[in-house]
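This report refers to the structure that appears directly beneath it.
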Amino acid sequence: MSSIKIKLKEKDIAQIDEICKSFNNEPGELINVLHKVQTTFGYLPAEVQDVVANKLNMSVAKVYGVVTFYSFFTMIPKGRFPISICTGTACYVRGAEKVLDEFKKQLSIKVGESTPDGKFSLNCLRCVGACGLAPVVQVGEKTYGRVSPDLVKDILKNYE
Amino acid sequence: MAQQIKMHLLVCGGTGCRASESDQIQASLEHELKVHGLENEAKVVTTGCFGFCEKGPIVKVIPDNTFYVQVKPGDAREIVEEHVIKGRKVERLLYTDPENKEHVADSKHMGFYRKQIRIALRNCGFIDPENVDEYLARDGYQALGKVLSEMTPEDAIKIIKDSGLRGRGGGGFPTGLKWEITRKSVAEKKYVVCNADEGDPGAFMDRSILEGDPHVVLEAMAICGFAIGADAGLIYIRAEYPLAIKRLKIAIDQARNYGLLGNDILGTGFNFDIELRYGAGAFVCGEETALIHSMEGSRGEPTFKPPFPSVEGYLGKPTNVNNVETFANIPPIINKGSEWFAAIGTARAKGTKVFALAGKINNVGLIEVPMGTTLREVIFEIGGGIKDGKKFKAVQTGGPSGGCLTEKHLDIPIEYDTLIAAGSMMGSGGMIVMDEDDCMVSVAKYYLDFTVEESCGKCSPCRIGNKRLHEILETITKGQGTMEDLSKLKNLSHVIKDTSLCGLGQTSPNPVLSTMENFWDEYISHVVDKKCTSGVCKSLMRYVIIPENCIGCMACARNCPVNCITGERKQVHFIDQDTCIKCGTCLEKCKFNAIAII
Amino acid sequence: METIKLTIDKKLVEVEKGTTILQAAKKIGINIPTLCYMNLGDMNIENKPGGCRVCVVELEGRRNLAPACATDCAEGMVIHTHSIRVLNARKTVVQLILSDHPFDCLICAKSGNCELQSLAHKLGIREIPYQGEQSTYRKDTSPAIIRDVDKCIMCRRCEVMCNEVQTVGVLSAINRGFHAVVAPAFEMNLDHSVCTYCGQCVNVCPTGALTEVDHTNQLINDLADPEKTVIVQTAPAVRAALGEEFGLEAGTLVTGKMASALRELGFDYVFDTDFAADLTIMEEGTELLDRLSKHLAGDKEVKLPILTSCCPAWVKFFEHNYPEMKDIPSTARSPQQMFGSIAKTYFADKIGVDRKKLIVVSIMPCVAKKYECSRDEFKVDGNPDVDYSISTRELAGLIKRANIDFLSLPDEDFDHPMGESTGAAVIFGTTGGVIEAAVRTAYEVYTGKTLKKVDFEELRGLEGLRSATIDFDGLKLNIGIAHGLGNARKLLDEIKAGKSMYHAIEIMACPGGCIGGGGQPYIHGDSSIIKARHKAIYAEDEGKTLRKSHENPDIIKLYEEFLGKPLGEKAHHLLHTHYFDRKKEIFID
Amino acid sequence: MTKIKSLAELKLKKEELEKKLNLREKSNEPDKYIQIKVGMATSGIASGAKVVMDFLIEELNKRGIDAVVTQTGDMGYCYAEPTIEVKRPGEDPIVFGYVDLKKADEIIEKYLKNGELVEGIIPVNYESIDE
């Protein structure tokens, strides 16, 4: 998984340093650190992982091993409006797959990708627990319930 | 005289209802009360989940137990003006009984609640989870006080053992015995871990408890700490549960402020504190050894047991891991006694179990029933039966580790062993109901898709075997399966179960095996007849024109995105099967029922 | 000791508590097949992830099958290791592994040495019923090691070697599920990573996922080129292991046969790295005494301890991890590089061949040596002092390819002048040897006395970390020895913290020293082989008439004719080097 | 927040706090308590029902009687307003008409405390006004 090359600024490194320090530079806190760092940067580019590894005094291979293990962590920047489709069982049996297909079609991207303009990104997630509203789609913080494929266009229109 | 609060308006603040703007409902209600000068007579309380997620957002009016469903922020004014001021219920917001089409005013009379006994969920939808005082008012921390002041650790363990409580997270290991083993492990440091990494797709009971009653988990963990000799607790919680995390953080602060966590709890000299650890999206971390590795900052790969966490767990120290629902049962057991608890349920499974009802069922939601309740009672009485009057086909219990049960299993009492005997399992309590429109081969494939995605990759049968199972199922749903594939499925499933390292792999073929066992005909029709009777498997579907009904209006041909429909005006049309992408547009556009799926 | 009685395949066995089923079975002659399991008992290295599930056995009363490698015996267990259920499961598991493995066995570098291949053979697998998607990854070729991750079976042995034993931390399991493999961060190329090329990962890889870069074809071409004079040097540890490839018992010395095989292969001169090892002692020993005496005289500029610098993996390790201490190791080049440097100057002049026409090849128990000779500071106008390095394994392959009946070869001697060596040079091949050789010379130079006994038993052994105090006629010299980079790290951290008590430290990257090098014949988990090689090295030393480096007549002559004196200007130029700060040298691609 | 330093303090704290939750606690199991419904339609409010309801809640609380007081819409006895329906646990409900503060006091003292009937009962033939 190679990622887009970025150059970290001094202040970014200072920010990562601060996050690591807030966890006492403890290698056992790696996952908590990565959560915080991802919240700050939006994703976890290789350069950021390198700094984290350095600060926590662990191998960057291990950091990468952890990043690639957990689906919550991403090395690809999310779109400005990240779209997440719940593919939990409740949503699945109520047609989440068709909704997902429609999003793919409308946006012409695959799961895990972002639109070329960086506006939308598409991801699946497992059960947000709003099974009463199945199928559920989240766009950023906003949750849409009982989404059917023909509603997809309308949802996307909200972000024009 | 000072006005006394005579009415509580409980607004569900669970994730499901929040997703439907329940926080705005709360704000609107408060606003309306203020406008009408009623702030001192009625108060709005945000609670945890009521369980009846199907019809959320829910507002419940106390003391008359009026249960308003699918409330919108704009309904606040009417509720205040009609109900609070005039005492008239807002009829249109009341729940309608699907059986007799009548409004049900009092939640006590709803079929959904009638059969439930709430122990783990007793405070959910009842108290404000962000207010420790409401928890204290409901016997909160009394059990901890009792244990610390009046019992020895052995006494506490004995009560839990006698109660017959078994782990609610999946395996059903006796909780008291687990505590005892951890107590007996000698070490200078021990840990209590709460497994809140609920990962079953379609299960949300742990989240609801954490959101609706976070203190019960803290109290139970402290009790466990005292019993096993630990002074540190960790809650491993999914990062996907921001609301639960927020409420846990508030609860931990409040408990610390009252001295119910921290040093010298209730003046007994007992120290115990709790920290949060976040999961990061890995289902396998529900397995306790994987969970521990994840808490240590590593890849969440399971390790072979023994050693069990009770002996060698977090940072190599004895660690007691229980899940949220298990912990939620602890304080009531201590308060009311093991006999009270043991009297509920069946001979081999005591107490209650929380289930997340979802799928093609009328009342999607969270329920708690005594062990031994039948599937029929749960699905048809509490769950209100199948949506849109369709026919019940199967119920999947136990999440990706479980199996699909059918009509013939509906009357078995739900408990750990009976479900296993029927080819499924209790799991964490997900219950997905399927109807005649669900293709069981596709359902098995769906679960394998999940397992393949969530396998950690450490052991070869799970890493490669599940992938191959999924591929074979894919072949079958595409209509390219052979009878040999079916025997491969069977052998592979058995070997994966037999050889996988952890519970994930040891159970991942269950959806395949149980659907093969119960829906063999469907497999055969996919493989031999090349037909998917539920009409789910696209490749096996054919859209055809019924010549008798076709009037040649050309609506279908005009709308076909791939132009595979030909025919002159007023002539019978024809669909070219090689080009057809089975999008279904023609079926939708035809006004004359001239298109059929075969 | 508490014992346990159990039944395995109807045989009763009594074992100590804590014995695994695998060990108990072995005790009564039942060899349960394994794949990911690795136990280098003598080196204290164990890999027991319980991941491959090949060693599963049936345990009566247990719901599922149990991995024999990870399951402890318990009283009264009844175990079946080859019931139909076990055989079917084991076969299916291996079929699954094969279904995600390339089918290029015939041309795989590991063919014939592949544990997966032999397992498939042992289990009688004739078909792979479960076909499907295969994982594909980019092949990564570095100066020393090739990674072909498609062949990774997630046994995690390399990960254990790289992280726990060597603490290098280049390799980690990455991704999840079907896509899980072992790879460097960001799947970057090894040459962009902090890899030391110690090759311990290659040594333990059961398949062809990790192999060394092959230089044999280049060698065959050079040997056939009439324009070129091709000379060879052979490291001491090679002669103690090469015989294994020809079915000889581990620990059989084949120095003479090796020399004669090399001559048969067509080398123009067959020399010995041991010659350069003696030269190393002259330089490094002198440097030690120099720094020691300055230090004792109170010179604050001079730092102790002095660290050996013969091992290229170790050099790269400290360049990455401890660059702030790069003035501590001896500046002496490794024997391989000293040999090359002298060969392409002194010897080239002697035989009147231009250095560009003189091909210097080394036979090394090592893969890092391949990298070492590619380092820029060891080149003159782009021409490397040592052109390339061949591993022990590659040499064995070449001998076989050239139809040489190794076992019936006569014993021959090395050529002169660079073939003469002492026992001190031979022991370079094992942990503790370099420092013992240095002590032999330094003692006599420092005290002016002749050693009564050249054997310093206190410096020998296979413990990962050792220390000894040698009495230099009143001066107590504290010596530390580490082999395995994880052990080295411990000593380095001590130095960094200012807590080191040593005057001199010998460090070898590989467990056991060069005898356990990354280029040696595969031991397939049998660590007794390392022990046997260790013994053989000391046997060779003992058999030598000359056992102190400064007594090597050709070395004496070399200084007289060419170099002048140790640490002199010419020596400094040709035999010493400098180190780089590679801390920031991580590229992300 | 001050720390709770013993089990005894915790019990006191609970007693103090549970009053605030009493309303919900009682409505959870209303059949265990006396249930009073006050007719609160427009006409009821005009005739002083709200005053009566407030009085009942206040006084029941003061006099230590556990009861669930709810309001309900028009009971259909406009002529007799304000009206209240009282249901003692296990007994049939009774409706009182023309309830003013004095009458309310009498109902509390006699009927609620001792089960003595007081004047002003409206004969009804249904089980509960809500159903």
(request) Just give me the residues in the range B:171-192 being of a type outside the set (K, R), away from chain A (no Cβ under 14 Å) and over 22 Å from B:G399 (Cα atoms), in sequence order. (result) B:G176, B:L177, B:W179, B:E180, B:I181, B:T182, B:S185, B:V186, B:A187, B:E188, B:V192
(message) Any residue that is touching a residue at least 24 places away in the same chain (Cβ under 8 Å), in contact with an Asp or Glu (Cβ under 6 Å, 6 or more places away or on another chain) and within 13 Å of chain B (Cβ to nearest Cβ) - is there at least one of those in the range C:149-170?
(response) no
(request) Kindly indicate whether any position in the range C:40-57 is away from chain B (no Cβ under 12 Å) and either over 29 Å from the mean Cα position of the chain (by Cα) or at pLDDT 95 or above (or both). (result) no
(request) Residue by residue through the range B:19-47, note down the ones that are crowded, with 21+ Cβ neighbours inside 10 Å and closer than 20 Å to A:V136 by Cα. (result) B:A19, B:S20, B:S22
(message) When you check C:Q95 against the structure, is it assigned to a loop (DSSP other than H, G, I, E, B), within 13 Å of chain B (Cβ to nearest Cβ), more than 30 Å from C:G516 (Cβ to Cβ) and not small (G, A, S), yes or no?
(response) no
(message) Any residue at all in the range A:75-83 that's within 11 Å of chain C (Cβ to nearest Cβ), under 17 Å from the mean Cα position of the chain (by Cα) and surrounded by fewer than 24 Cβ atoms within 10 Å (Cβ to Cβ)?
(response) yes
(request) Output the number of residues of the range B:177-219 satisfying the condition of being assigned to a helix (DSSP H, G or I), hydrophobic (A, V, I, L, M, F, W, C) and under 19 Å from B:K246 (Cα atoms). (result) 6
(message) Residues to consider are A:V111, A:V139; find the one that is modelled with pLDDT of 80 or more, within 14 Å of chain B (Cβ to nearest Cβ), more than 25 Å from B:N363 (Cα to Cα) and surrounded by 17 or more Cβ atoms within 10 Å (Cβ to Cβ).
(response) A:V139
(request) Being assigned to a strand (DSSP E or B), surrounded by fewer than 20 Cβ atoms within 10 Å (Cβ to Cβ) and not aliphatic (A, V, I, L, M) is the filter here, so list the residues in the range B:256-305 that pass it. (result) B:G262, B:N263, B:D264, B:F270, B:N271, B:D273, B:E275
(request) Check D:K5, D:K14 and return the single one that is modelled with pLDDT of 80 or more, within 23 Å of B:Q254 (Cβ to Cβ), touching a helix residue (DSSP H, G or I) at 6+ places or on another chain (Cβ under 6 Å) and of a type outside the set (G, A, S). (result) D:K14
(message) Give me the residue from the range A:114-136 that is among the hydroxyl-bearing types (S, T, Y) and not in a loop (DSSP other than H, G, I, E, B) and, out of that set, farthest from the other protein chains (Cβ to nearest Cβ).
(response) A:S114
(message) Within the range B:96-112, take every residue that is within 23 Å of B:V11 (Cα to Cα) and in contact (Cβ under 8 Å) with a residue 60 or more places away in the chain and give me the one that is nearest to the other protein chains (Cβ to nearest Cβ).
(response) B:F112
(message) For the range C:541-565, which positions are within 29 Å of the chain's Cα centre (by Cα) and in a loop (DSSP other than H, G, I, E, B)?
(response) C:K544, C:T545, C:L546, C:R547, C:K548, C:N552
(request) Go over the candidates C:I390, C:I404, C:I427 one by one and state the one that is over 26 Å from C:V315 (Cα atoms), assigned by TED's automatic domain parsing to the domain that holds C:R489 and in contact (Cβ under 8 Å) with a residue 12 or more places away in the chain. (result) C:I404
(request) State whether one or more residues within the range C:346-357 are β-branched (V, I, T) and either buried (at least 19 other Cβ atoms within 10 Å of the Cβ) or closer than 21 Å to C:M282 by Cα (or both). (result) no
(request) Identify all residues within the range B:363-396 that are surrounded by fewer than 24 Cβ atoms within 10 Å (Cβ to Cβ), at pLDDT below 90 and within 12 Å of chain A (Cβ to nearest Cβ); write none if there are none. (result) B:K387, B:D388
(request) Scan (1) farther than 23 Å from B:M516 by Cβ; (2) in a strand (DSSP E or B); (3) of a type in the set (S, T, N, Q) for the single condition B:Q396 breaks and write down its number. (result) (1)
(request) Could you check the range C:199-262 for helices (runs of 4 or more DSSP H) lying wholly inside it with 2 or more residues that are assigned by TED's automatic domain parsing to the domain that holds C:P521? (result) C:216-224, C:236-239
(message) With in contact (Cβ under 8 Å) with a residue 12 or more places away in the chain and more than 24 Å from B:L210 (Cβ to Cβ) as the only criterion, which of B:E301, B:E288, B:E275 stands out?
(response) B:E301
(request) Could you check B:T477 against (1) within 10 Å of another protein chain (Cβ to nearest Cβ); (2) surrounded by fewer than 22 Cβ atoms within 10 Å (Cβ to Cβ) and say which number it fails? (result) (1)
(request) State all residues of the range B:484-499 that are at the interface with chain C (Cβ under 7 Å from one of its Cβ atoms), touching a Gly at 6+ places or on another chain (Cβ under 9 Å) and closer than 15 Å to C:V94 by Cα; if no residue qualifies, say none. (result) B:L492, B:V495, B:T499
(message) Looking at the structure I just gave you, is A:F72 in contact with a Gly (Cβ under 7 Å, 6 or more places away or on another chain), closer than 26 Å to B:A290 by Cβ and either among the aromatic types (F, W, Y) or assigned by TED's automatic domain parsing to the domain that holds A:E47 (or both)?
(response) yes
(request) Please name all residue pairs, on different chains or six or more residues apart, with Cβ atoms under 7 Å, provided the first residue is in the range B:352-378 and is in the same structural domain as B:G402 (by TED's automatic domain parsing) and closer than 19 Å to B:P413 by Cβ and the second residue is among the polar types (S, T, N, Q) and assigned to a strand (DSSP E or B). (result) B:E368/B:T352; B:V369/B:T352; B:P370/B:T352; B:M371/B:T352
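The values are calculated or read from the model by the stated rules, or taken from the named source; none is laboratory data. The model shown is predicted, which means the values in this text are computed figures rather than measured ones. Glycine gets a Cβ as well: all are built from the backbone with ideal geometry, and neighbour counts include every protein chain shown.
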